[in-house]
Each structure stands twice: as C-alpha cells, then as structure tokens.
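FYI, it's all coordinate maths here, none of it is from the lab. Computed from a prediction, not measured in an experiment: that's the story for all the values here. Here Cβ is always computed from backbone atoms with ideal geometry, including for glycine, and neighbour counts include all displayed protein chains.
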Amino acid sequence: MIVLSYVIFNSLFGLVYFLVGVSNLKGITGPTPVEYYFNCFFFSVQTSTTIGYGGIIPEGLLANFIVTIEAMAGVLAFALITGLLYGRFSHPFSRILYSKNAIVAPYKGINSLQFRIVNQRNNNLMDLEAKVMAVLVDKNFNRKYYDMKLERYSIHFFALSWTVVHPIDNDSPIFEKSLEELKEKQFEILILIKGYDDTFNQVVHSRYSYTFEEIVWGAKFIRSYNTNSDGDIILKLDDIHLIEKVNLEQFDME
C-alpha cells in the first residue's frame, strides 16, 4: 500500500508538471511526450523526497506554487508513513494457539466445558487472565450474553499449556440444556485472553470463539508435554488438539 501510494502520489504531481508546460520548468527535456512525462514524474520524486538534484528548476509563480504544495505534502506523507511503520512493527501482539475443539468432559462429579491454549512464541506472558462468555439466541432471534464462571480465571506464568475449565453447575448458562436445545439456540462461546508481555512491557490480548459444531461432547484432553532424559519438559504444540472419548458424568445427551 505504501509503494502504491508513493507511485500514485508522484504520478499525479508529475501529470500536473506535465500540464504546466516546459516553459515553467527550466532544464527539463524529452523528445517525446512520454519521455517528457517521465522526467516530470522523476522531478516530482526529487521534490517530494527533498532530494533536489538541481537539474530541473521551477520558474514562474505557478510552478513554484505547485512545488511548495508538493514539498509540504511529501514531508507530511513521509511522517505519516513513518508513524504507520513504527506502530505496525513495534506494537506487541500475542500468538496464542487454541485447541481446535472445545470439549465437554467429566469434572469433579459433574461435567465441564474446557478448551486449551498455549503460547507459540518464546517470550514470557505473565498474569494471564481469561474471560469466557456464552451466546444463546432466544425465540425472538435476539442474542443473549452470559458470563461463564471459570475454575481459574488467571495464572501467574504461562509456561506450558493452560486448560480453561467452566464447571457446568447450577450457575452455568448451559446447565441441564440438551444438545438439541443448545443447537437450536446457536450456542457459542466467546473468549478473551489478556496477559502481560515482558518483552515489550505491554498488555496483549487474544480473542477466539467456538461454535456449537466445534464443541465435542464426552471427551478429555490428552497430555501435550513430556520429559526427556535430561529432565527437560518438552511441550508439543500440535498435541494440544488431541482428545479421547470418555463417558460424561451427568449430561443429557438426548
């Protein structure tokens, strides 16, 4: 986008110089109109970037007025581009990998909704917080939002994977709801993860969601890390998606 804007900017000003005419630009040459236009284009580049080789000199009020406008516009444009590039490459961002599916698994005599996340970068994320919200559509096709209580809302260090657990108890918005009812209500969970990136000393965010079709009922996650012969813990990122089928404790599968 920057390169395209740069070419368009100088092409337009080159066209203006071309229309002004050779009498207002001392030193510009071109045996054909095409070559003359390209020389006007390159004069625009020299003006907007403040190079100013001196081979072409504007003469007259009109030409100098156009050069004045382009010089100011060029300085402002490069200041804007510098700000955009700095903001783009200096802004911290998280690379949190979510399990492909959320699951409903047995949990302390009841069931729970779970999903797993892991940090794909080598930086340290601290004071990680999770917020989960359920979305249900009522009979009038209005979307209703419900906060989902979690077993643990935050962890101090994000060293390995984190399995976020929502107990399906009396306070759960999906308690005692059948699969057909949840499907009819277009059940979806919205997730916001927030943590402190000590590399950039800034807070980073990550968003994700699971629709009803992306939730596996009656499953549990398989451990995604092991220990090698030296005692080091090896985390396998691809394994955070692995699940195995289990029987649920108390859930109406019909």
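Can you give the percent of C-alpha pairs in the range 2-90 whose distance is more than 16 Å?
In whole percent, the share of Cα-Cα pairs in the range 2-90 beyond 16 Å is 53.
For the range 96-245, what is the charge dipole size about the Cα centre, in debye to the nearest 20, if Lys and Arg each add +1 at the Cβ and Asp and Glu each add -1 at the Cβ?
My answer is approximately 200 debye.
What is the pair-distance distribution P(r) of the range 105-187, computed from all Cα-Cα distances in 5 Å bins starting at 0, with each bin given as a whole percent?
3, 13, 20, 20, 16, 12, 9, 5, 1, 0
To test your reading of the geometry: what angle, between 0 and 90 degrees and rounded to tens, separates the Cα axis of helix 61-90 from the longest principal axis of the chain?
20
So in the chain, what percent of DSSP beta bridges are antiparallel if you round to the nearest 5?
95
Give the angle, between 0 and 90 degrees and rounded to the nearest 10, that separates the Cα long axis of helix 33-48 from the longest principal axis of the Cα atoms of the chain.
That works out to roughly 70 degrees.
How big is the convex hull of the Cα atoms of the chain, per residue, in Å³?
Dividing the Cα hull volume of the chain by its residues yields 240 Å³.
State the answer as a single residue: which of LEU76, SER224, TYR107 lies farthest towards the positive end of the charge dipole of the chain, with beta carbon charges of +1 for Lys and Arg and -1 for Asp and Glu, about the Cα centre.
LEU76
List the pairs from LYS108/LYS139; LYS131/LYS245; LYS144/LYS177 whose alpha-carbon separation is above 25 Å, in the order I gave them.
Values: LYS108/LYS139 33 Å; LYS131/LYS245 27 Å; LYS144/LYS177 15 Å.
Check vs 25 Å cut-off fails for LYS108/LYS139; LYS131/LYS245.
Ranked from highest to lowest mean number of other Cβ atoms within 10 Å per residue, what is the order of the peptides 131-139, 53-61?
Put in order of decreasing packing, that is 131-139, 53-61.
Run lengths n ≥ 4 of DSSP H only: what is the helix-derived mean residue ellipticity at 222 nm for the chain, with -39500 (n - 2.57) per run over all residues, to the nearest 500?
-9500 deg cm²/dmol
How large is the dipole of the chain about the Cα centre if only Lys and Arg carry +1 and Asp and Glu carry -1, each at its Cβ, rounded to the nearest 20 debye?
380
What nm value, rounded to one decimal, do you get for the distance between LEU15 and HIS205 when each label is placed 7 Å out toward the C-beta?
For LEU15 paired with HIS205, the spin-label model returns 4.1 nm.
Given the Cα atoms of the range 96-245, and with Rh set as the inverse mean 1/r over their pairs in the Kirkwood sense, what is Rg to Rh to two decimals? Display every interim value, and only then the final one.
Details: Rg = 16.4 Å, Rh = 16.4 Å.
Ratio value, two decimals: 1.00.
Find the centroid of the Cα atoms in the range 168-196 and in the range 83-148, then give the distance between the two in whole Å.
Taking the Cα centre of each part, the range 168-196 and the range 83-148 sit 13 Å apart.
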